[in-house]
Amino acid sequence: MAEKRQHGLLESFNWAIEGIVWGLRHQRNMRIHIAMAVLVIVAGLALSVTRFELLILFAAITFVVVAEMINTTVEHLIDLIVDQSSPGAKIAKDVAAGTVLIASLNALAVAYLVFYDRIVSLPYQFFRRLRMSPVDLTVVTLALVAILVIVLKAAVGKGTALRGGWPSGHAAVAFGGWVAVTAIATRTAYAVPISMVGLIMAFLTAQSRVQTGIHTALEVIAGALLGIVVTTVVFVVWNPF
């Protein structure tokens, strides 16, 4: 008797799993809900939500999935029993679909309440880390200068990313690096000599581009101004000195 009861429980469990698998195979909305559920759970773990918040997220996910399964069940039962052209059949299907809509809106509200503050604070946390690490800020700034050089060269239509055209990328990065080195060295006792060495290196880089005929003097000046302005703005905003 106990074995028969256990066998019946296992069969019921297997049938329930088969129902979920069928829904995933044949119902697009079900696949979308499960995919979103996985993303929400991963986001919750990545953003370190509390145990209570995770519980609320699981409840909202379960509510949506159960509503979708009930909606699917109602639709198939109506198709088997009732004429699809019947007004009553349409009402039943619409009400079942409304259940899914309410569950989905509830899930969106829960996700907003749980994730909004964490997502909004991410840029500030990032910039706060940059403010604490001048080296990282320098790397990001010089990368930004290089990207702007490439964009400007593409807009002007002259030269390549690494050779020729407006403005000089080497001059932009060199003078941007000089501003960054100066900003980092301002709190040291050797700020002036360090800044002078950086400036001399930047001038030598710019001079070499003109002497080799790769850039004109105006192209080098334009690159130098771009590097100085962009780096100064970034360091003043995120790492004032």
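The values are calculated or read from the model by the stated rules, or taken from the named source; none is laboratory data. Predicted model only: the values in this text are computed from it and were never measured. Cβ coordinates were reconstructed from backbone atoms using ideal geometry, including for glycine residues, and neighbour counts include every protein chain displayed.
At a glance:
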item	result
Subset of the range 184-198 (residues that are touching a Ser or Thr at 6+ places or on another chain (Cβ under 8 Å) and either hydrophobic (A, V, I, L, M, F, W, C) or not in a helix (DSSP H, G or I) (or both))	Ile184, Ala185, Ala191, Ile194
Of all residues in the range 177-218 being crowded, with 20+ Cβ neighbours inside 10 Å and hydroxyl-bearing (Ser, Thr, Tyr), the one that is modelled with the highest pLDDT	Thr182
Residues (modelled with pLDDT of 75 or more and in a helix (DSSP H, G or I)) located in the range 153-173	Gly169, His170, Ala171, Ala172, Val173
Pair list, Cβ < 6 Å and 6+ apart or interchain, from the range 219-240 residues that are free of Cβ contacts under 8 Å to residues at least 12 places away in the same chain to residues that are surrounded by fewer than 17 Cβ atoms within 10 Å (Cβ to Cβ) and assigned to a helix (DSSP H, G or I)	none
